[in-house]
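Visitor: Before I ask anything, let me first share the structure, which is written out below as structure tokens.
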Amino acid sequence: MKNIEVITCEERYRQRWDKFVDYANNGTIFHKLKFLDYHPLNRLKFHHLIFREYGNILALLPGGLADRIFKSPQGASFGSFVMGELSFDKIDRIVQSFLKYCEEEGIEEVYLTPPPIIYSKVTSMNLDYALLYNGFKYSQHLYTSVIDLTPITDPFEICQERSRNAVRKAIKSGVRIEISEDYDSFYPILVENKRKFNVSPTHTLEELKKIPNLVPKNLKLFLAYRKKKLLAGCLIFICNVKTFIAFYIAQDYRYQRYRSVNYLLYEIIKWGKSQGFSYFDLGVNQDTASDNPMELNRTLISFKSSMGAKCFLRSTFYKKI
């Protein structure tokens, strides 16, 4: 651990932090301080860390600290260490320096949820092994559905027949897809969808409208219309140059017969491929009504699979110090 210094992130490091995330191997929008600024002041107790060697930044660790428990992410979907393509020995030293920091600061528990491997520019599990080697255990796995865009020339190639028929029906019914900034119209549909599962959207309408001002190039809202009626929408977050995620998918169930969600995803797959992305993450598939955080919504998995999605894990590492 010699020469690896752990410091808390101060205001003067903000620009360097976000720039490092852009060029890191596994950085995403959720690791950026600019993105985390959508949270109201004092809502969360952020505790972001920087790991340096001879003054050079090796890694970042966004997170929060409360009641002697360190969690990363804090107020985002993904967290854990952000770093370049480093050797295992150097990653091991970074993890050990973090654990020493925890001991010195009286931190008793740590939870880390890194982005799935599809978010890394160069795929490697060195960090996973370093965490496990240093005593971390898995606390849970979430099932996330991912579409590999790299081999696709036409989305129909990966869709099951029922989804192909649904897309054809939407087109025949006059459904059209637009990229929009009409969050005001989309949000009530989103709220109603979440109400069906006794949950609320992660963001308020005001927060949702604030995020595009903070990271204007990282959000796209796709809306499905028939004539002038809004039927459905999908808000994607462009996480990095390789992968984007469907953060919200919602529809007006009164018009479900038009199969607008299938058509939305079909057009987003085409858009993602044309923009040079490798993966489209459709998000996790957990049953929010269950006390078991790993319980599956199998209907949701089946629908996403019909659009060509496969399973990847969003895993959380845990260690008691």
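Visitor: Looking at Ile94, is it over 30 Å from Ile236 (Cα atoms), surrounded by 21 or more Cβ atoms within 10 Å (Cβ to Cβ) and either of a type in the set (Val, Ile, Thr) or not assigned by TED's automatic domain parsing to the domain that holds Leu112 (or both)?
Guide: It is true that Ile94 is over 30 Å from Ile236 (Cα atoms), surrounded by 21 or more Cβ atoms within 10 Å (Cβ to Cβ) and either of a type in the set (Val, Ile, Thr) or not assigned by TED's automatic domain parsing to the domain that holds Leu112 (or both).
Visitor: Specify which of the listed residues (Arg12, Arg43) is modelled with pLDDT under 95, of a type in the set (Lys, Arg) and part of a helix (DSSP H, G or I).
Guide: Just one listed residue meets the conditions, Arg12.
Visitor: Also: In the stretch 208-236, how many are of a type outside the set (Lys, Arg) and out of contact with any helix residue (DSSP H, G or I) (no Cβ under 6 Å at 6 or more places or on another chain)?
Guide: The first filter runs over the stretch 208-236 and keeps only residues of a type outside the set (Lys, Arg), leaving 208, 211-216, 218-219, 221-225, 230-236.
Keeping just the survivors that are out of contact with any helix residue (DSSP H, G or I) (no Cβ under 6 Å at 6 or more places or on another chain) gives 211-213, 216, 221, 223, 225, 235-236.
Qualifying residue count for the region: 9.
Visitor: For the stretch 15-40, which residues satisfy the criterion of being outside any helix (DSSP H, G or I) and either at pLDDT 95 or above or more than 18 Å from the chain's Cα centre (by Cα) (or both)?
Guide: Looking only at the stretch 15-40, we keep the residues that are outside any helix (DSSP H, G or I), and these are 24-28, 32, 37-40.
Listed by number, the residues that qualify are Ala24, Asn25, Asn26, Gly27, Thr28, Lys32, Pro40.
Visitor: Filter the stretch 272-321 down to the residues that are charged (D, E, K, R) and in a strand (DSSP E or B) and list them by number.
Guide: First, pick out the residues of the stretch 272-321 that are charged (D, E, K, R): 273, 281, 287, 291, 295, 298, 304, 310, 314, 319-320.
Result: Asp281, Lys310, Arg314, Lys319, Lys320.
Visitor: Let me ask you something else. Would you point out which residue out of Val261, Val241 is surrounded by fewer than 16 Cβ atoms within 10 Å (Cβ to Cβ), of a type outside the set (Phe, Trp, Tyr) and at pLDDT 95 or above?
Guide: On the way: Val261 fails: surrounded by fewer than 16 Cβ atoms within 10 Å (Cβ to Cβ).
Criteria check complete, one pass: Val241.
Visitor: Just to be sure before I move on: is Ser185 at pLDDT below 95, assigned by TED's automatic domain parsing to the domain that holds Ser274 and surrounded by fewer than 17 Cβ atoms within 10 Å (Cβ to Cβ) in the structure I sent?
Guide: It is false that Ser185 is at pLDDT below 95, assigned by TED's automatic domain parsing to the domain that holds Ser274 and surrounded by fewer than 17 Cβ atoms within 10 Å (Cβ to Cβ).
Visitor: Something else: Select, from Val95, Val110, the only residue that is aliphatic (A, V, I, L, M), out of contact with any Pro (no Cβ under 6 Å at 6 or more places or on another chain), closer than 25 Å to Gly75 by Cβ and in a strand (DSSP E or B).
Guide: Of Val95, Val110, the one residue that is aliphatic (A, V, I, L, M), out of contact with any Pro (no Cβ under 6 Å at 6 or more places or on another chain), closer than 25 Å to Gly75 by Cβ and in a strand (DSSP E or B) is Val110.
The values are calculated or read from the model by the stated rules, or taken from the named source; none is laboratory data. Only a predicted model underlies this, so the values are computations on that prediction, with no experimental measurement involved. Please note: Cβ atoms are built from the backbone with ideal geometry, for glycine as well, and neighbour counts cover all protein chains shown.
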